[in-house]
Structures are given as structure tokens and as C-alpha cells.
Amino acid sequence: MKHIVIGTAGHVDHGKTCLTKALTGVDTDRLKEEQKRGITIEIGFAQLTLPNGQRASIVDVPGHERLIHNMLMGATGIDVVLLVIAADEGFMPQTREHLDILSLLDVKNGIIVLTKCDLADPEWMEAVEEDIRDQVQGSFLENAPIVHVSSYTGEGIEELKAKIVELLAESPARATDRPFRLPVDRVFSIKGFGTVVTGTSVDGTLTTGDALMVYPEMLETKARELQNHDTKVESVEAGMRVAINLAGIDKKDISRGCIIAEPGSMFQTDKITVELQLTPDSPYRVKNYSFLHFYTGTQEAVCKVRFLDRNSLKPGEKAYAQLVFKNESIVARNLDRFIVRFFSPMTTVGGGVILDVQPRRVKLNSPMEIERLDRLHSTPVNRIYQMIEDAGCSLIKEAELVSASGLSAKAVHAAIQELQQMGVTVRIQGGFAARKVLDELEEKASIILKKHHEAQSLMEGMSLSEFRGKLFTVSAKTNDVVLNYLKDKGKLRIVGSSVSLPSFQADYSPEQASLQAELEAHYLKCGFEPPLNTDVAESFGKDPKLTRQVMARMTRDGILVALNPNVTCHASACKQALDTFLGMFADADAVAIGDYRTKMGISRKFAQYFLDYFDSQKISKLTGDKRVLLKPLK
């Protein structure tokens, strides 16, 4: 059977705890102060066994306005709410605040329970019920059943259980294929066992012995023992009340508000992008850069709000915003729900959903950014597509999308399949890229190479390293994979360390061919004492840039040899100079520069150019003031 968490909600002293006891036989007011004052201070828990044998956890929350932070912790992870309203008092302000909170937390199912019916006459209850229907109009409880009960006499309790059974049959099961997560609401130590934490498991499954991480402290631990309502179990899953005995963790190192989760499955952040919605009856509007009290799971923090397309938010409105946590960080996943309260006085004003726990820098008042967030906030297919597009050429993998999206593995897989069928994403070596991104990259690559070919028409192509730097905005391991994808599509030609457009041919134009012939004749004439490259570029042709291009092509073709960055000679002269050098070793083990200069009949400067070139080619090396061969002559 599905594991379901039922939460109570409603005004203080409207009978939530008494109703829980009437349903389960358990008094959830365990503190002496609670029993003395007759009000719930801390959240309480009990197990409910329904007529069909199904078991559910009931979370009893405080109703007092000063204890809203505890109510919010109790509301974490509930599937069904029992909105408790006393028949003798009717709908109260705190009832409204609780209903607003439940709506903002995206609770979708519930029953309205009219308690203390033994204290009100039928006419009064009829008026109260009519008022309730008006108050819940437009909310998720608009069509919810209203059950009359008396926890004192037992009236309506069995009918309420039957209604719960009906409602649970329609309630969807929690996602168990997401990484396990438990927001901590209690921490205590048991002698002989160690530290124990409790909470409502909101995602995944956990088995005794599984590795865990305590966030945000980043402490590694294991589940030594598991319990569900004081019963030892081997495994637990989403929708259960859980107690975990943590291995190797001291009680002082963990507190309420921490998250116990699968290692690497949570994001710690000091800034999030959200959709923020104010309740229609919020007493305040929220201005840009206002401070707010923030609640998610069992965590509390203070944040500053920055709207992306406006200066303020009025009651009933919603907008995209970034929330910045100045002095602390929060731990969350995408699509988590949250509540915000006005900074002072503290009253609930709104809440919403986290869209990006690791937001990029965004421009204000950008229609493109708003469209992007619209997609992140719509269907799973649109959300996954946007995340693939955001990933650019990093070729994000399916497991990474599951971890980052906030969706279940099943939902992510289905979304990817649909995107593949639509043809808007491309699978490359196990990762995914948006076809739009690849098309834009292909166009950018074509523009870069066309410009290069026009400027360097005699070069076979651009160097791969230079091309990568101009094509990709970020360095990534997958860049070469994407380049090979474009190559396989016939959009690029990659030869060695050079890249070009497939249609490009590095041929001489008539003007360049004429210049090439003049240059070769000049270098042949210069022999062993060629001029500087800069002098050649200035004295040949109409355009020094064009001359340098022809010289570079002649060097690449082996007609010329670059002795160093500033001096080039004809290849035949270089060969003759090398033959002379090697011939000198027939009668000597080492050759001095003076002897080589004399043998060649050239100045010391040019002798130095040739000898340094031979060294650079690993033919010889300088030992003392003479050159020796690195390899013996055959």
C-alpha cells in the first residue's frame, strides 16, 4: 500500500490534537508544558490504522500564530490535510493562514473537519458550514467534503476514517525513484545507540546500512537502524515517518533543519531563482530588495528578494525573483516549495517554487530570461529541454538531469524520449545537446572559418586550438566530441591539428602564384645569407600581409625553411648547409662555429642561424663552445 502522511491544520484550540487522539488513540502532546497549557507547541506524530488495513502517519501541528515556524515544519511532506474548524467558533484568521500555507506548499487533497459538534446547535453549524464554503472558494479544498465530528463523544470519527480511505485511494504515491531525503525535525540521543533523527521522508528509499550525508554540515554517515512509528524496519520510503540511528554522528553536530540525504544529491546554495507568489489576503506588498523570512522543509533563513522584471509584488500577484541568503546558505533541490513571511511584523505573505538552485547571472527585465523561466516552470518535457539547452555543449547525461531537475528518474526518461522523437535534442556519446545549440554552433563555426579562409587563403586551415578558443564560450571535456560530431556530419574537415570547411581549397591565385615565383627566385639568389622576413614582406608585392601569407604557405609546402621566427631561407640552401655541417664530422667529433663559418664562407651571424636551427631539429647540440651530433652518422 502507498505510504501517506496526513497533516492537521487550523486555528489554536480548535481540537486538532483531540481529533488525532480520537483517530489513533495517541496523545501527541508529549511535553509537560503542552499538557499543562492545553495547547500544542511542538509537532506531534501518531500512526493511524484505517478500516481497510492501510496505515498512515498523522502529523499534528501547532495552531498558535506565534508557532507558525513549527507548523511549517510539520507541513513538510504531507499528502493530505485535515483542516480542523471548531463548530462553536467557525473559520478564524489562523485557519486562513494555515490554508494559504498549504496551498503554497502545493498540497492538493484534504478534508474539512468540523470539530466540537457537541457544543453547537444545528442552525449555528449550518451557518458555519456556509461560511466555510465561502472561505475555501478557489482553493484546493473548494470541493472537499465537510465531516462533522466530536472527539469527546466519538460522533463522526468512523465516517471521517471512511472519507480518508476514499481520499487516499485518489492520492498519488510518492516518488521512490528519486534520491532519498529526510528533512530533520527532531534530534535526540539514546544511551547505547547514539544519535537519532526523525522526520518525514519526502523522496526515495533507504535501507539499513546505506550511506548518507548530513547537510549542510557535509558529514558522512550510515543508517545504522531504521524505525517507523517505534517499529524497527529494514527499509523506508517516501511518505513515511522515519527515525534513523546515524553511525558516527554526535548529537551536537546536527540539529533541526538539517537534511539527511543520499551523498551528492543535494545542493547547498546562497542564491536561488524562484517563482514567488503573494497570497491574495497578504497585508503587505513586497518591494525589491526587501528582507523576508524563508522556510523550506524544516529549514529557516533570512533572504533578500530581487525581482527580475519589476520593482514590487502586490497581494495576489506572482513573479520570478532571485532570493539571496546573505549570512547563511540553504540546502534544497529544484522544484522544492517554500514559504516566506514578512520580516517585521512576522506574518505569512506568500511562497512558491524553487526553479534553479544554482542560478546563473541573469539580466533584469530580459524577455528571453522570463521565457526561459517559463519553460523551467512548465511541463517536465519543457523543463528538461531547457536544462539541456542551458547545458550547451557539455553533453549533459540523463543521470545528471535526474539529479539536477527535481523530477523523478521515470519522468526524466519519458521527457528525454519525447524530446528525441520531436527531434529537438541530439544524443552524442551518452550525453544530450539541444539541436538548436548545435545548429547555432555549426553556423558560428562556418562564419569563423570563412573569415579565416578569406584572410589566410593559402593556409590549409585554422589551428584546432585557435578554433576551439573562438568557437566555444567555455572550456569543456566534450568540446572535441562535439567537433567530431560536426566533422561526421560533413560540416568540418579536420586533418591533424588543422580545421577547415570541407569545400575549402588552399590554391594560389594568379597574383599569389606570380608572387610565389618571385620569392623563390629571390631566396635562391640570396643562398646562405637571406634577408629578414620583415624586409622581404615590405619589398615584395603590393601588400606585406599577402607576402607573409605566401611565405607561410611556401614554408608549409617545404619550399622555404624558417631558421628562426625572423629569418627564412630556401630549402635547397638549408639542405646544402646541413650537408656541409654533417660532412665536417667525417674528420672531427665536434664542430666549432668558427670552423663552420669558414667552411661555408659566410658571416658568423648566418652560421649561428644555421647551427641554432640544427640544434632545434635535434640534429646537434652545443657542448661547451662546439656542436656534437645527437645521432651518429650512418
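Residues checked against (1) surrounded by fewer than 18 Cβ atoms within 10 Å (Cβ to Cβ); (2) part of a loop (DSSP other than H, G, I, E, B):
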residue: Ala301; (1), (2): no, no
residue: Val305; (1), (2): no, no
residue: Arg310; (1), (2): yes, yes
residue: Gly316; (1), (2): yes, yes
residue: Ala321; (1), (2): no, no
residue: Lys326; (1), (2): yes, yes
residue: Asn334; (1), (2): no, yes
residue: Val340; (1), (2): no, no
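Yes or no, residue by residue, for (1) at positive phi; (2) among the aromatic types (Phe, Trp, Tyr); (3) under 24 Å from the mean Cα position of the chain (by Cα):
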{"residue": "Gly406", "(1), (2), (3)": "yes, no, yes"}
{"residue": "Ala411", "(1), (2), (3)": "no, no, yes"}
{"residue": "Ile416", "(1), (2), (3)": "no, no, yes"}
{"residue": "Gly431", "(1), (2), (3)": "no, no, yes"}
{"residue": "Arg435", "(1), (2), (3)": "no, no, yes"}
{"residue": "Leu438", "(1), (2), (3)": "no, no, yes"}
{"residue": "Ile448", "(1), (2), (3)": "no, no, no"}
{"residue": "Met459", "(1), (2), (3)": "no, no, no"}
{"residue": "Ser463", "(1), (2), (3)": "no, no, no"}
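For (1) within 18 Å of Ile6 (Cα to Cα); (2) touching a residue at least 60 places away in the same chain (Cβ under 8 Å), each residue gets a yes or a no:
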{"position": "Asp131", "(1), (2)": "no, no"}
{"position": "Val136", "(1), (2)": "no, no"}
{"position": "Phe140", "(1), (2)": "yes, no"}
{"position": "Val147", "(1), (2)": "yes, no"}
{"position": "Glu166", "(1), (2)": "yes, no"}
{"position": "Ser171", "(1), (2)": "yes, yes"}
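If I filter the stretch 17-54 down to residues being closer than 20 Å to Thr76 by Cβ and either in a strand (DSSP E or B) or in contact with a Lys or Arg (Cβ under 8 Å, 6 or more places away or on another chain) (or both), which single residue comes out as modelled with the lowest pLDDT?
That would be Thr40.
Out of the stretch 279-310, which residues are out of contact with any Lys or Arg (no Cβ under 7 Å at 6 or more places or on another chain), in contact (Cβ under 8 Å) with a residue 60 or more places away in the chain and within 29 Å of His98 (Cβ to Cβ)?
Thr279, Ser282, Pro283, Tyr284, Val286, Tyr295, Gly297, Gln299, Glu300
If you take the residues in the stretch 503-523 that are exposed (fewer than 14 other Cβ atoms within 10 Å of the Cβ) and of a type in the set (A, V, I, L, M, F, W, C), which one is farthest from Ala455 (Cα to Cα)?
This residue is Ala521.
Can you tell me which residues in the stretch 119-170 are of a type in the set (Val, Ile, Thr) and under 16 Å from Leu83 (Cα atoms)?
Once the filter is applied, which keeps residues that are of a type in the set (Val, Ile, Thr) and under 16 Å from Leu83 (Cα atoms), the stretch 119-170 yields Val128, Ile132, Val136, Ile146, Val147, Val149, Ile157, Ile164.
So if I check each of Leu560, Leu486, which one is within 56 Å of the chain's Cα centre (by Cα) and more than 30 Å from Ile619 (Cβ to Cβ)?
The conditions single out Leu486.
Suppose we filter Gly527, Gly469, Gly558 for residues that are out of contact with any His (no Cβ under 9 Å at 6 or more places or on another chain) and on the phi > 0 side of the Ramachandran plot; which single one remains?
Gly558
Taking the residues in the stretch 551-598 that are modelled with pLDDT of 95 or more and among the basic types (Lys, Arg) as candidates, determine which candidate is surrounded by the most Cβ atoms within 10 Å (Cβ to Cβ).
Here the answer is Arg597.
Among the strands (runs of 3 or more DSSP E) confined wholly to the stretch 213-275, which include 2 or more residues that are of a type outside the set (Ser, Thr, Tyr) and under 30 Å from Leu308 (Cα atoms)?
Here the list reads 267-269.
Could you list all residues from the stretch 193-212 that are assigned to a loop (DSSP other than H, G, I, E, B), more than 22 Å from the chain's Cα centre (by Cα) and not charged (D, E, K, R)?
Phe193, Ser201, Thr208, Gly209
Listed here are the residues, each with its yes/no results for (1) out of contact with any Ser or Thr (no Cβ under 9 Å at 6 or more places or on another chain); (2) free of Cβ contacts under 8 Å to residues at least 40 places away in the same chain.
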position	(1), (2)
Pro216	no, no
Ala223	no, yes
Gln227	no, yes
Asp230	yes, yes
Met240	no, no
Asn245	no, no
Asp250	no, no
Gly264	no, no
Val274	yes, no
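Are there helices (runs of 4 or more DSSP H) fully within the stretch 86-184 with at least 2 residues that are of a type in the set (D, E, K, R) and surrounded by fewer than 19 Cβ atoms within 10 Å (Cβ to Cβ)? List them.
By residue number, 122-135, 157-170.
With the condition being touching a residue at least 40 places away in the same chain (Cβ under 8 Å) and not acidic (Asp, Glu), I'd like the helices (runs of 4 or more DSSP H) fully within the stretch 525-634 carrying at least 2 qualifying residues.
So the answer is 544-556, 571-583, 604-616.
Ile190 - would you say it is outside the structural domain of Leu119 (by TED's automatic domain parsing), at pLDDT below 95 and more than 30 Å from Gly25 (Cβ to Cβ)?
Considered against the rule, which asks whether it is outside the structural domain of Leu119 (by TED's automatic domain parsing), at pLDDT below 95 and more than 30 Å from Gly25 (Cβ to Cβ), Ile190 comes out as no.
If only one of Ser500, Ser465 is polar (S, T, N, Q), modelled with pLDDT of 90 or more and surrounded by 11 or more Cβ atoms within 10 Å (Cβ to Cβ), which one is it?
Of Ser500, Ser465, the one residue that is polar (S, T, N, Q), modelled with pLDDT of 90 or more and surrounded by 11 or more Cβ atoms within 10 Å (Cβ to Cβ) is Ser500.
In the stretch 193-235, what residues are under 19 Å from Ile6 (Cα atoms) and either touching a Pro at 6+ places or on another chain (Cβ under 8 Å) or modelled with pLDDT of 95 or more (or both)?
Gly199, Thr200, Val202, Asp203, Gly204
Could you please find all residues in the stretch 252-299 being among the charged types (D, E, K, R) and touching a helix residue (DSSP H, G or I) at 6+ places or on another chain (Cβ under 6 Å)?
none
Taking the stretch 153-179, which residues are touching an Asp or Glu at 6+ places or on another chain (Cβ under 6 Å) and at pLDDT 80 or above?
Matches in the stretch 153-179: Thr153, Thr176, Arg178, Pro179.
From the list Lys477, Lys397, which one is charged (D, E, K, R) and modelled with pLDDT of 95 or more?
Lys397
The values are calculated or read from the model by the stated rules, or taken from the named source; none is laboratory data. As the structure is a computational prediction, the values presented were derived from the model and not from experiment. Reconstructed Cβ throughout: ideal geometry from the backbone, glycine too, with neighbour counts over all protein chains shown.
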